[in-house]
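Below is one structure, written out as structure tokens; comments come after it.
The values are calculated or read from the model by the stated rules, or taken from the named source; none is laboratory data. Every value quoted in this text rests on a predicted model; they were computed, and no experiment measured them. As a convention, Cβ positions derive from the backbone with ideal geometry for all residues, glycine included, and neighbour counts pool all protein chains shown.
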Amino acid sequence: MTRTWDITTVTDAARARVAAARLAAAHGVTAPDRTRLTAALGAHLSQCLAKGGTWRLGVEAVTGPGGSALRAVVTPGGGRDADAPSPWQMTVPRPEAAPDPDASGPADDGSVLAEALLGADEDTAAVLERLGEQEQLVAFHREELHQTNQGVLALHAELDAAGRAQRELFAAEREARTEAENARRRLMFLADASAVLTASLNPDEIVSRLPRLLVPEYARSVDVWLFDGDHEEQPRGPRPAAAVVAARTGRPQYAAADPGGLPGVDDQPPSSLDPGRPLLCIPLPTRRAPLGVLTLSPRGERWDADDAVMLIELTRRASIAIDNARRFEHSRDIAETLQRALLTDLPTTPGLHLAARYLPATHGLNIGGDWYDAFRQPDGSLIAVMGDVTGHGLHAAVMMSQLRTALRAYAVDGGTPGQLLTRLHLFLHHLQPDLYATAVIARFHPDEPTLTWAAAGHPPPVLRTPDGRVRTLDAKPGAMLGIPLDQEIGDHHVRLEPGSTLALYTDGLVERRAQGIDPGIERLVAALGTFRSGELDGDLDGSADRILHPMLSDSERDDDVCLLLCHVHTRAAEIPRPARARLLS
């Protein structure tokens with residue numbers, strides 16, 4: 001239902017306003033909403049009359065998601081053109097009530113206008129009454145607000161005091177957190193730097209890593225003064241007096257115009273070599289005497305006390321790393337000398353070629369207990385040996401030397417490979433109860449077409465027959481040498497025809513951490529099967545190299561590698577040229 005009125009004059013506007021008010025009342029619109037509607041409508045119609053022309057008022061009942069409402073719309077009469085203003089509209093809520101059909105009738109006579117005026121006064125009175133109630137409510141809330149403000153003021157005073165205390169606590173917490181973070185950063189740096197320094201066993205490399213670790217995070221410059229001229233990194237020249245005092249006293253020294261106040265550090269006058277730069281001189285301590293002095297200059301104007309403590313600890317660890325590296329080099333040189341001395345020339349035997357290879361481990365001490373040997377017995381037979389003493393270093397090399405010597409001594413009295421290993425087992429058990437070894441011995445006799453061999457905890461020999469077939473000699477071996485066990489190691493026999501090749505080796509050739517030993521033995525079998533008899537007859541040394549290269553392509557070389565090839569020549573009467581063992585790097 002929509003009611004419309006055309007408005008040209010003030011009278012038309014007044015009558016339309018009265019009709020709209022009556023229609024709103026008929027629809028049950030409340031007095032405040034009627035007053036709000038008629039007041040807004042009258043103000044807008046007054047503006048429209050000031051512009052001139054004809055205007056149209058429309059009032060309609062609408063229903064939407066929010067419920068029923070009464071909407072008044074004012075638009076220019078006679079349609080809109082491009083410059084016409086946008087329609088004015090206002091909506092007020094109404095109850096669900098059917099309108100009075102005569103409520104919006106003509107408002108031409110005076111009685112109707114008077115009745116509308118009285119109705120407007122009633123609405124105004126109702127609004128004023130509501131306004132008075134709201135004023136009383138506002139006065140009540142104002143009083144409550146005043147009382148609340150008094151409490152708020154008191155609360156603010158308490159909150160200010162609590163806020164100051166909380167800010168102080170927050171500041172202390174931030175300071176503690178910052179200090180803890182700095183301590184964690186120093187500890188992480190100390191741990192990482194220690195790992196970098198101890199990762200190398202080369203003294204010169206350790207010394208060269210110190211400046212790279214400290215500059216520029218903890219120092220502007222670093223000078224390393226080592227007393228041993230063989231390892232001194234910097235050229236000889238004048239040293240700061242504080243560095244000389246640190247070397248003489250073994251205590252850290254701080255040279256600057258003002259005292260540093262660093263814990264555990266003695267203060268000295270500024271260096272005459274560089275007066276404007278503070279210097280921290282820290283000795284490199286060992287159990288006997290300092291190795292040298294580390295001289296550092298700070299990034300800024302002075303040192304932080306905690307940084308200085310951390311640098312003193314790092315210097316101590318660096319000194320230990322350098323000292324250990326020097327000891328390692330000394331032990332390695334002795335072990336290498338001993339190892340090379342034991343790699344003697346291989347003997348020559350009619351119809352039998354020998355080729356040996358030894359590769360020390362590239363990690364760790366480089367010298368281990370792997371060894372091989374070949375020598376004749378009094379009856380003319382040749383003994384070929386491959387062994388492995390547990391451990392690395394000088395001790396393992398010495399024990400390997402003793403086992404080699406003992407075996408040669410036992411072999412003078414004769415005996416089969418199994419008997420020799422049994423005697424070697426007893427020797428090692430009584431000599432070094434906590435040291436163990438593995439070994440395999442093969443015996444070749446020029447007048448017998450039979451190979452006699454025995455093993456004690458060692459990887460099985462690999463035999464290639466003249467027809468190119470390769471197999472492992474995996475008969476049950478004895479237990480490791482030196483273990484607390486009484487054992488009699490037995491002999492095994494296999495026919496050996498001209499053109500046959502026997503490979504003895506240590507586990508460093510075939511064992512890999514992720515795969516074990518069996519796949520490596522299979523690869524050795526396959527590699528040995530690729531040769532022709534003519535290649536083995538003509539160049540056994542080259543054949544040994546061609547076996548090693550593919551076998552070690554995936555190896556980290558963390559263990560020694562030994563390989564001994566024994567090839568029975570196809571012309572049994574031929575005497576080969578002397579073969580020499582080779583130590584490969």
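Of all positions in the range 457-474, at least one carries a residue that is of a type in the set (Val, Ile, Thr), more than 30 Å from PRO433 (Cα to Cα) and crowded, with 22+ Cβ neighbours inside 10 Å.
Name the residue that is nearest to GLN377 (Cα to Cα), counting only residues in the range 425-445 that are in contact with a His (Cβ under 6 Å, 6 or more places away or on another chain) and hydrophobic (A, V, I, L, M, F, W, C). The qualifying residue nearest to GLN377 (Cα to Cα) is VAL440. Checked across the range 461-478, the condition of being under 15 Å from VAL389 (Cα atoms) and touching a helix residue (DSSP H, G or I) at 6+ places or on another chain (Cβ under 7 Å) holds for no residue. For the range 409-436, a residue qualifies if it is closer than 13 Å to PRO477 by Cβ and touching a Gly at 6+ places or on another chain (Cβ under 7 Å), and the qualifying residues are GLY418, LEU421, HIS425. Scanning the range 416-456 for residues that are surrounded by 21 or more Cβ atoms within 10 Å (Cβ to Cβ) and touching a Phe, Trp or Tyr at 6+ places or on another chain (Cβ under 8 Å) yields a count of 9.
For the condition under 18 Å from GLY418 (Cα atoms), buried (at least 16 other Cβ atoms within 10 Å of the Cβ) and modelled with pLDDT under 90, PRO477 qualifies.
Could you go through the range 165-182 and let me know if any residue there is touching a residue at least 24 places away in the same chain (Cβ under 8 Å) and part of a helix (DSSP H, G or I). Looking through the range 165-182, at least one residue is touching a residue at least 24 places away in the same chain (Cβ under 8 Å) and part of a helix (DSSP H, G or I). Is it fair to say ARG316 is of a type in the set (Lys, Arg) and under 15 Å from ARG251 (Cβ atoms)? Yes: the conditions hold for ARG316. Of PRO269, PRO240, PRO259, PRO252, all but one fail to be surrounded by 13 or more Cβ atoms within 10 Å (Cβ to Cβ) and free of Cβ contacts under 8 Å to residues at least 60 places away in the same chain; the exception is PRO240. In the range 23-59, what residues are among the acidic types (Asp, Glu) and either in contact with a Phe, Trp or Tyr (Cβ under 7 Å, 6 or more places away or on another chain) or modelled with pLDDT of 90 or more (or both)? Of everything in the range 23-59, nothing turns out to be among the acidic types (Asp, Glu) and either in contact with a Phe, Trp or Tyr (Cβ under 7 Å, 6 or more places away or on another chain) or modelled with pLDDT of 90 or more (or both).
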